[in-house]
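K.L.:
Please see the structure below; I have some questions.
Derivation of every value follows stated rules applied to the coordinates shown; laboratory data play no part. Quick caveat: nothing in here was measured; it's all calculated off a predicted structure. Cβ: placed from backbone, ideal geometry, glycine included. Neighbour counts: every protein chain shown.
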Amino acid sequence: MQAADLSAVLLIEQEQNFPWALGMLQDCLAAHYECWVLVVKQEIIGFIILACAMQQADILNVAIKAKYHRQGYGQLLLQHVIELAQQQQVKQLFLEVRVSNLAAIRLYEKLHFIQVGNRARYYPAEQGAKEDGIVMRLDF
Ligand SMILES: CC(C)(COP(=O)(O)OP(=O)(O)OC[C@H]1O[C@@H](n2cnc3c(N)ncnc32)[C@H](O)[C@@H]1OP(=O)(O)O)[C@@H](O)C(=O)NCCC(=O)NCCS
């Protein structure tokens, strides 16, 4: 992912409820996190952001454009950063996900992430409410 990709990435992000702002994506690039886009036929159809710190890494965001869901692209991006983390001697890979996000939870479970914690009222939800998060971890 490069600065020139951010407008396309932001459009994908804005398909979600409560999307990241442009500044958060810019911060990830500035911090030199592992920021990757998935390009299919010259179109950016997804992205993933991984922050590595010593032996631990966190997947900060991942999304596939809605019209390309369920075609294996999310799994492809996840497998890419899992390989990157292994190359960087990471021992544990973490992520957080909304309890209602069953598509993402099933994807992570398929790749052998396990639930290791809960974050009560962690995410903003509709009408000022809050939603719980699940912390998941993959051990290498
Ligand atoms: C989560 C997300 C990235 C998955 O991407 P995707 O490309 O549609 O997923 P894939 O086609 O690679 O699916 C891989 C596996 O994940 C699981 N999965 C994906 N979508 C699913 C769904 N809607 N229901 C149930 N399982 C699902 C399945 O196990 C699937 O394997 P299978 O097709 O062999 O059954 C995508 O739904 C997305 O962009 N969602 C919006 C953003 C988001 O929620 N990001 C996660 C934030 S924590």
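K.L.:
Might you let me know whether the range 16-39 holds any residue that is surrounded by 19 or more Cβ atoms within 10 Å (Cβ to Cβ) and of a type in the set (D, E, K, R)?
P.N.:
yes
K.L.:
Here's something else I'd like to know. Cβ contacts < 8 Å: first residue touching a residue at least 24 places away in the same chain (Cβ under 8 Å) and over 14 Å from I49 (Cα atoms), restricted to the range 14-27; second residue within 11 Å of the ligand (Cβ to nearest atom) and not in a helix (DSSP H, G or I), any location; separation 6+ or different chain. Result?
P.N.:
E15/A63; E15/K65; Q16/A63; F18/Y123
K.L.:
Moving to a separate point now. For Y73, state whether it is aromatic (F, W, Y) and away from the ligand (no atom under 11 Å from the Cβ). Don't jump to the end; show me each part of the working.
P.N.:
Details: aromatic (F, W, Y): yes; away from the ligand (no atom under 11 Å from the Cβ): no.
No, not satisfied.
K.L.:
Another one. Looking only at the range 45-60, which residues are within 13 Å of the ligand (Cβ to nearest atom) and more than 14 Å from W20 (Cβ to Cβ)?
P.N.:
Applying the first criterion (within 13 Å of the ligand (Cβ to nearest atom)) to the range 45-60 yields 45-50, 58-60.
Answer for the range 45-60, where residues must be within 13 Å of the ligand (Cβ to nearest atom) and more than 14 Å from W20 (Cβ to Cβ): I45, G46, L50, D58.
K.L.:
Residues L84, L50: which one is buried (at least 18 other Cβ atoms within 10 Å of the Cβ) and in contact with a strand residue (DSSP E or B) (Cβ under 9 Å, 6 or more places away or on another chain)? I'd like the intermediate steps shown before the answer.
P.N.:
On the way: L84 fails: buried (at least 18 other Cβ atoms within 10 Å of the Cβ).
Result: L50 is the single residue among L84, L50 that is buried (at least 18 other Cβ atoms within 10 Å of the Cβ) and in contact with a strand residue (DSSP E or B) (Cβ under 9 Å, 6 or more places away or on another chain).
K.L.:
Could you please find all residues in the range 1-21 being part of a helix (DSSP H, G or I) and either more than 14 Å from the ligand (Cβ to nearest atom) or charged (D, E, K, R) (or both)? Before you say what the answer is, go through the steps one by one.
P.N.:
So in the range 1-21, the residues part of a helix (DSSP H, G or I) come out as 3-13.
A3, A4, D5, L6, S7, A8, E13, listed by residue number.
K.L.:
Could you tell me whether M24 is more than 19 Å from V135 (Cα to Cα) and assigned to a loop (DSSP other than H, G, I, E, B)?
P.N.:
In short, no.
K.L.:
Now for a different question. Among the numbered conditions (1) surrounded by fewer than 16 Cβ atoms within 10 Å (Cβ to Cβ); (2) within 23 Å of P19 (Cα to Cα), tell me where K65 comes up short.
P.N.:
Only one criterion is unmet by K65, namely (1).
K.L.:
Take the residues in the range 85-133 that are hydroxyl-bearing (S, T, Y) and outside any strand (DSSP E or B); name whichever of them is nearest to R70 (Cα to Cα). Before you say what the answer is, go through the steps one by one.
P.N.:
First pass over the range 85-133, keeping only residues hydroxyl-bearing (S, T, Y): 100, 108, 122-123.
Narrowing the set further to residues that are outside any strand (DSSP E or B) leaves 100, 108.
On the way: S100: 18, Y108: 14 Å.
Here the answer is Y108.
K.L.:
Hey, any hits in the range 29-38 for a residue that's closer than 23 Å to I134 by Cβ, within 14 Å of the ligand (Cβ to nearest atom), out of contact with any Gly (no Cβ under 7 Å at 6 or more places or on another chain) and in a strand (DSSP E or B)?
P.N.:
Looking for residues that are closer than 23 Å to I134 by Cβ, within 14 Å of the ligand (Cβ to nearest atom), out of contact with any Gly (no Cβ under 7 Å at 6 or more places or on another chain) and in a strand (DSSP E or B), one finds none in the range 29-38, hence no.
K.L.:
Going by the conditions given, is I105 touching a residue at least 12 places away in the same chain (Cβ under 8 Å), within 13 Å of the ligand (Cβ to nearest atom), crowded, with 18+ Cβ neighbours inside 10 Å and within 25 Å of R137 (Cα to Cα)? Talk me through it step by step, then tell me what you get.
P.N.:
Details: touching a residue at least 12 places away in the same chain (Cβ under 8 Å): yes; within 13 Å of the ligand (Cβ to nearest atom): yes; crowded, with 18+ Cβ neighbours inside 10 Å: no; within 25 Å of R137 (Cα to Cα): yes.
So I105 does not fit the description; no.
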